[in-house]
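Student: This structure is in structure tokens; I'll ask about it shortly.
Values in this text are rule-based calculations from the coordinates and carry no lab data. What you are looking at is a predicted structure, and each value in this text was computed from that prediction instead of being measured. Quick reminder, even Gly has a Cβ in these numbers, built from the backbone with ideal geometry, and neighbours come from all protein chains shown.
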Amino acid sequence: APRDLMILIAFACCIFTWFFFLYPQILYIRVSWRDGTVPLPPQPHPACKSSGSFLQELSDLTHLLHWPPTPGDGGNLLSSTSPQTSTYHLRGPSQASYTLGGYLEAVLVARDHQGRPKTHGGDLFRAQLLSPYLKAGVPGDIRDLENGTYLLTFPLLWAGQVQVQVRLIHSSEAVGVLRGIWRDQWATVDFTGYFRGPTGHEEIVTCNVNPLLTGEEESTCHYRDEDTGELWFCARPPTLPCDSLVGHSSGHYWNHRLGYRPLVSPQQPCRPGIPGPRPSGFYHRAVWHSLSCSGRSFSTAASVLGCLAGRIVHMMGDSTLRQWWEYLRDTVPSLKPVDLHATYHTGPLMAVETTRDIVLHWRAHSWPLRSLRTPVASLHSVARELGGLAGGPHTVVVLGLGAHFTTFPPSVFVQRLAGIRAAVAALLAREPHTLVVIKLANTGYKSVYGSDWFTLQVNRLLRAAFADLRVAFVDAWEMTSSLGLPDRIHPGRLIVRNEVNVFLSFVCPT
Ligand SMILES: *[C@@H]1O[C@H](CO)[C@@H](O)[C@H](O)[C@H]1NC(C)=O
């Protein structure tokens, strides 16, 4: 009833409701338009500029991946952060009205299971400002003050009733366990390599990113990419030689338990290299609105075709990027998939539109891909593939890696990124009109093999790797953290559609 009353009062006004996920205490905040003022997007935070070379920067991984430490043994459930006892309050005095284009700030006080305030930071919260009935949402910024309190900031970007949702993804104690996995173990999964002799005789062994994970080092087959230095190791098969490796698949997940222990519309077209504000955008009426550039909507097959006409798109990455390929295949009837007789889950996949000269490739990134058995010869190094592209205005490259690297310490991904970064830099140097788009990893993992905390760290590496190159980012992390939808590592169609629209906005900015 109070809500209806407020709506009646609030002609040309908007109402914000406000509740904590677990504590439905509701405040009503009136938000007023200031006539004639166009709300401005939040000031871009300075982009993560790398001062020296990428490798130099990554030699300081500790700085890049900084996360407040978890003191103590972290094993006491009662002293870990609890969503039941943690609360928030508005930062300033509650105002009678809030201005569209302004911010809402709140202070979150983390408490343990006994209700005692936490005295250290390191909890992973995710906060969103939502209007479910408008299909609107935006991720909130969370600043860890490292004393048990967190500053939440939400930009006010549309008119309407809004809820705040705050979720505790991992307590700092759980992050401590995850951090320990990266620190103390070299992997949480392994892989299977299939060797075949001249008579068809097969031998099957364990493979991984580190020789110590496959057996004694002296009885290991080493595979090193001459160009990029990427490494891969398999246990030496009993009789067959190392160069008879023909097949690859995922192996085992090692046993772990995580147990206790209206809008703003920026005027500039979407171009690679533009600084990315945080958040990078928000949802309104199920449409993602970029805050860094004027995103476009490609709602018809004809508009997608018009944008992609004359282009060859090379997508390389994991299954969350394959979802883009599948979305385009499914929404543009004349874009026909061609059967390349490859393993579907690793590719290569290809779709073509011959009247508009469109070719759409997708292939999985190479090791350490978790997959069904697939020919090793089909697992191409991303860096090498990039090295084989002439590039130019007709070439679009989309990279979407991350989800298969959460099962190893960051150094494994860093090494891979170093090679890919060098290959992207070389591609852009030989053909500056090549468009390179980086899809960040999305949310959705909730285990020790993949966890949102690992993914968040992987995304920091991705951003750092490409920060000073003219590439475009599609922030799939934020796009999967803004609508209060259930977490899925493979996001639903609404989100994929918006990710593809952001991508196409970079291909066809005007
Ligand atoms: C936490 O740190 C912030 C910023 O330094 C400070 O304003 C606040 O009072 C501190 N809170 C507690 C409970 O110590």
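Student: Among E202, E478, E226, rank each residue by its count of other Cβ atoms within 10 Å, from fewest to most, as a rough exposure measure.
Tutor: Listed from fewest to most nearby Cβ atoms, that is E226, E202, E478.
Student: Would you give the gap between the C-alpha center of the range 317-350 and the C-alpha center of the range 459-510, rounded to a whole Å?
Tutor: After rounding, the separation between the Cα centres reads 18 Å.
Student: For a label point 7 Å from the Cα of L372 along Cα→C-beta, name the residues of the range 319-347 whose backbone N is under 16 Å from it.
Tutor: 319, 339-347
Student: Could you sort 186-198, 148-160 so that the peptide with the highest average Cβ count within 10 Å comes first and the rest follow in order?
Tutor: Ranking, from highest mean packing down: 148-160, 186-198.
Student: For M350, M315, M479, which order do you get if you count the other beta carbons within 10 Å of each Cβ and list the fewest first?
Tutor: Ordered from fewest to most neighbouring Cβ atoms within 10 Å, M350, M315, M479 come out as M350, M315, M479.
Student: Please give me the summed charge of the neighbours of W158: other residues whose Cβ is under 13 Å from its Cβ, Lys and Arg +1, Asp and Glu -1.
Tutor: With Lys, Arg at +1 and Asp, Glu at -1, the neighbours total +2.
Student: May I pose another question? Need the list of aspartates and glutamates near K135 for cross-linking: C-alpha distance under 18 angstrom, and skip anything on the same chain fewer than eight residues off.
Tutor: Partners found: E478, D487, E499.
Student: Tell me which aspartates and glutamates have Cα within less than 17 Å of K118's Cα, excluding those fewer than 8 residues away on the same chain?
Tutor: Answer for K118, where 17 Å is the Cα cut-off: D73, D144, E146, E173, listed by chain and number.
Student: On average, how much area does the Cα convex hull of the range 189-253 cover when viewed from any direction, in nm²?
Tutor: If you wrap the Cα atoms of the range 189-253 in a convex hull and average its projections, you get 4.5 nm².
Student: Can you tally the net charge around S292? Count Lys and Arg as +1, Asp and Glu as -1, for every other residue whose Cβ sits under 14 Å from the Cβ of S292.
Tutor: Residues close to S292 contribute a combined charge of +2.
Student: Counting other C-beta atoms within 10 Å, which of V437, V138 has the fewest, and how do the rest follow?
Tutor: With the fewest neighbours first, V437, V138 line up as V437, V138.
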